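What follows is a set of notes on a single structure, which appears directly below.
The values are calculated or read from the model by the stated rules, or taken from the named source; none is laboratory data. Keep in mind the model is a prediction, meaning the values are calculated, not measured. Positions of Cβ are backbone-derived with ideal geometry, glycine not excepted, and every protein chain shown enters the neighbour counts. Each accessible area value is taken on the protein alone, full model and side chains, heavy atoms only, with ligands, DNA and RNA left out. Shrake-Rupley method; radii C 1.70, N 1.55, O 1.52, S 1.80 Å.
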Number of protein chains: 2
Amino acid sequence: MTTRKSSGSTTATPAKRQRATSGSASERRDHLVKLAAEIFARKGFQATTVREIATEAGILSGSLYHHFDSKETIVDEVLSTFLDDLIARYRAALESGSDPRTVLSEMVRIGFGTLEPHRAAITVMQNDWNYLRQFERFNYLVKAEDEVEQMWVTQIKAGQAAGQFRTDVDPKLTYRMIRDTIWVAVRWFRPGGRLNPAGLAEHYITVLFDGLATGERTSQRA
Amino acid sequence: MTTRKSSGSTTATPAKRQRATSGSASERRDHLVKLAAEIFARKGFQATTVREIATEAGILSGSLYHHFDSKETIVDEVLSTFLDDLIARYRAALESGSDPRTVLSEMVRIGFGTLEPHRAAITVMQNDWNYLRQFERFNYLVKAEDEVEQMWVTQIKAGQAAGQFRTDVDPKLTYRMIRDTIWVAVRWFRPGGRLNPAGLAEHYITVLFDGLATGERTSQRA
DNA sequence: GTCTATACCGAGATAGAC
DNA sequence: GTCTATCTCGGTATAGAC
């Protein structure tokens, strides 16, 4: 049994513990996780059977349990891999020390930028979050969410204090709307489509900061 | 067997056929649908068992099948009830003959306005759409989605033609982002919270049309 | 590391009495 | 309109041979 179990850690998400144990065994495991992620994204976590995952991997369902001790463990790895990467990127953006508007733009770009490499994980998170959060082992999802929220809200407030952003909007509410707009895009975003992630990001940044209306501001309430 | 089956119709969604057949039998059925909707929203469609629905209704699972011929039929009724109402409201807004910006604002208000009365249905649609769309019987979901998209995109294009909206944004993409922002709000929206649906709508309309930035436009690309 | 075989359970649904 | 009883299926997971 090569199975790695979920456990606490000092970072925001618990997974990828023992990831240092590389080699071909680890690559095999990673391959299975990626494969499963695609099926989870396509059919939903609960509708995906371990038999299905095994079949697509060219083995039988019993053999999957040599690598993972449960279906939950697989999806756990899918989600935590994504969150680890996302949070690391956000931290880097925050450490640039740029002004709030610049940092916020960069965070928007980071978000849309994950659509391609983490499409499956984001889809699973969007569709199955509500179900998975019921289980203790996925408590870290909420923790990671809180940490990310703090990063965004802090920047929005800083931008308001610096006079870059209008002060008649609610920081937390604004963050939620930005967040939702980015991640939900995974539902219709298709790699190779009319717009790439970078194009989506610039489009959204334009509307977010300057608005859809032409000409003068209709309500400069600030 | 009082069960009503799904069938085609001239409107966008098929359900609520025979809804005229009112009386206490129909009320009982409606009550069961509303009850089921809440559980679907809380636990997800697949994770909800017919036993659970029956228990919360104070009956046994076998008795449920006197009212519905399958679990799918129940969720079908949940979703089509919502879509029928939504599309009817949109149509009314379009028929007002107002300018695009006014109509679009009204459509945003309509969207947020459904959060409270249709919270459960919207939650189910957000979380289980991907799963349900696999089945033929839910093809009408996609049809309804297309009809709604047409309504929005037409208004956005009209606004651009009239000079109300900037022309350097993509109408379809802009629609998707607006749509996503509205519906995903059910994930965190709680009736009785800090902001009511009307407040959310006005907040969003402000940012959507005028942007988050203060002062002059940074990029008036149009 | 994969296979065969199977245990075990809980799901949706049905039949017929009341 | 509800209950009792039960069928059937397909899911996750396990044990041990190879």
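Might you let me know whether region A:104-121 holds any residue that is within 27 Å of B:TRP129 (Cβ to Cβ) and within 16 Å of DNA strand D (Cβ to nearest atom)? Walk me through how you get there before you give the answer.
Step one: list which residues in region A:104-121 are within 27 Å of B:TRP129 (Cβ to Cβ), which gives A:108, A:110-121.
Add one more test, that the residue is within 16 Å of DNA strand D (Cβ to nearest atom), and what stays is none.
No, region A:104-121 contains no residue that is within 27 Å of B:TRP129 (Cβ to Cβ) and within 16 Å of DNA strand D (Cβ to nearest atom).
Scanning region A:31-42 for residues that are of a type in the set (A, V, I, L, M, F, W, C) and within 14 Å of chain B (Cβ to nearest Cβ), which turns out surrounded by the fewest Cβ atoms within 10 Å (Cβ to Cβ)?
Let us first name the residues in region A:31-42 that are of a type in the set (A, V, I, L, M, F, W, C), namely A:32-33, A:35-37, A:39-41.
From the residues that got through so far, the ones that are within 14 Å of chain B (Cβ to nearest Cβ) too are A:39-41.
Values: A:ILE39: 21, A:PHE40: 25, A:ALA41: 23.
Applying the filter and picking the extreme gives A:ILE39.
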Which one of B:LEU200, B:LEU195, B:LEU115 is part of a loop (DSSP other than H, G, I, E, B), under 17 Å from the mean Cα position of the chain (by Cα) and either more than 10 Å from every other protein chain (Cβ to nearest Cβ) or aliphatic (A, V, I, L, M) (or both)?
B:LEU115
Return only the number of the condition from (1) charged (D, E, K, R); (2) at pLDDT below 95; (3) surrounded by fewer than 20 Cβ atoms within 10 Å (Cβ to Cβ) that A:ASP170 does not satisfy.
(2)
Any idea which of (1) out of contact with any Pro (no Cβ under 6 Å at 6 or more places or on another chain); (2) at pLDDT 95 or above is the one A:GLN134 doesn't satisfy?
(2)
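Kindly indicate whether B:ALA121 is touching a residue at least 60 places away in the same chain (Cβ under 8 Å) and more than 12 Å from chain A (Cβ to nearest Cβ). Even if it seems obvious, please write down each step before you answer.
Values: touching a residue at least 60 places away in the same chain (Cβ under 8 Å): yes; more than 12 Å from chain A (Cβ to nearest Cβ): yes.
The answer is yes for B:ALA121.
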Exactly one condition in (1) away from DNA strand D (no atom under 16 Å from the Cβ); (2) more than 14 Å from chain B (Cβ to nearest Cβ); (3) open to solvent by 40 Å² or more (accessible area, probe 1.4 Å) is false for A:LEU60; which is it?
(1)
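Hey, among A:LEU86, A:LEU94, which residue is within 18 Å of A:ARG133 (Cβ to Cβ), more than 16 Å from DNA strand C (Cβ to nearest atom) and out of contact with any Pro (no Cβ under 8 Å at 6 or more places or on another chain)?
Only one candidate passes the filter, namely A:LEU86.
Taking the condition polar (S, T, N, Q), surrounded by 15 or more Cβ atoms within 10 Å (Cβ to Cβ) and in contact with a Pro (Cβ under 8 Å, 6 or more places away or on another chain), does A:GLN160 pass? Lay out the reasoning, then the answer.
Working: polar (S, T, N, Q): yes; surrounded by 15 or more Cβ atoms within 10 Å (Cβ to Cβ): yes; in contact with a Pro (Cβ under 8 Å, 6 or more places away or on another chain): yes.
Considered against the rule, which asks whether it is polar (S, T, N, Q), surrounded by 15 or more Cβ atoms within 10 Å (Cβ to Cβ) and in contact with a Pro (Cβ under 8 Å, 6 or more places away or on another chain), A:GLN160 comes out as yes.
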Only one of (1) within 25 Å of the chain's Cα centre (by Cα); (2) open to solvent by 80 Å² or more (accessible area, probe 1.4 Å) fails for A:TYR65. Which number is that?
(1)
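Which members of region A:43-53 meet the condition of being within 14 Å of another protein chain (Cβ to nearest Cβ) and free of Cβ contacts under 8 Å to residues at least 40 places away in the same chain? Steps first, please.
Within region A:43-53, the first condition is being within 14 Å of another protein chain (Cβ to nearest Cβ), and the residues that meet it are A:43-49, A:52.
If the condition is that a residue be within 14 Å of another protein chain (Cβ to nearest Cβ) and free of Cβ contacts under 8 Å to residues at least 40 places away in the same chain, then A:LYS43, A:ALA47, A:THR48, A:THR49, A:GLU52 are the ones that fit.
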Does A:ARG101 qualify as being open to solvent by 60 Å² or more (accessible area, probe 1.4 Å), within 27 Å of A:ALA185 (Cα to Cα) and away from DNA strand C (no atom under 16 Å from the Cβ)?
no
Only one residue in A:ARG133, A:ARG179, A:ARG187 is charged (D, E, K, R) and more than 10 Å from chain B (Cβ to nearest Cβ). Which one?
A:ARG133
Pair list, Cβ under 8 Å, 6 or more apart: region A:129-140 residue open to solvent by 70 Å² or more (accessible area, probe 1.4 Å), other residue aliphatic (A, V, I, L, M):
A:ARG133/A:LEU141; A:ARG133/A:VAL142
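Of the residues in region B:201-215, how many are over 13 Å from B:ILE178 (Cβ atoms) and of a type in the set (A, V, I, L, M)? Steps first, answer last, please.
Our first condition is that a residue be over 13 Å from B:ILE178 (Cβ atoms); within region B:201-215, this holds for B:202-203, B:206, B:210-215.
Now drop any that are not of a type in the set (A, V, I, L, M), which leaves B:212-213.
Number satisfying all stated conditions: 2.
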Flag for B:SER70 being within 16 Å of DNA strand D (Cβ to nearest atom), open to solvent by less than 50 Å² (accessible area, probe 1.4 Å), modelled with pLDDT of 95 or more and among the hydroxyl-bearing types (Ser, Thr, Tyr)
yes
With criteria (1) open to solvent by less than 50 Å² (accessible area, probe 1.4 Å); (2) under 22 Å from the mean Cα position of the chain (by Cα); (3) away from DNA strand C (no atom under 16 Å from the Cβ); (4) at pLDDT below 95, B:SER9 comes up short on (1)
Can you work out which of the residues in region A:45-78 that are part of a loop (DSSP other than H, G, I, E, B) and more than 14 Å from DNA strand C (Cβ to nearest atom) is nearest to B:GLY44 (Cα to Cα)?
A:PHE45
Scan of region B:133-186 for residues that are farther than 19 Å from B:ILE87 by Cβ and not in a helix (DSSP H, G or I), ordered by number:
B:GLN134, B:PHE135, B:ALA162, B:GLY163, B:GLN164, B:PHE165, B:ARG166, B:THR167, B:ASP168, B:VAL169, B:ASP170
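Check B:ALA213, B:ALA158 and return the single one that is within 11 Å of chain A (Cβ to nearest Cβ) and touching a helix residue (DSSP H, G or I) at 6+ places or on another chain (Cβ under 8 Å).
Numbers: B:ALA158 fails: within 11 Å of chain A (Cβ to nearest Cβ).
Being within 11 Å of chain A (Cβ to nearest Cβ) and touching a helix residue (DSSP H, G or I) at 6+ places or on another chain (Cβ under 8 Å) holds for just one of B:ALA213, B:ALA158, which is B:ALA213.
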Of all residues in region A:84-97, how many are open to solvent by 10 Å² or more (accessible area, probe 1.4 Å) and within 13 Å of the chain's Cα centre (by Cα)?
4
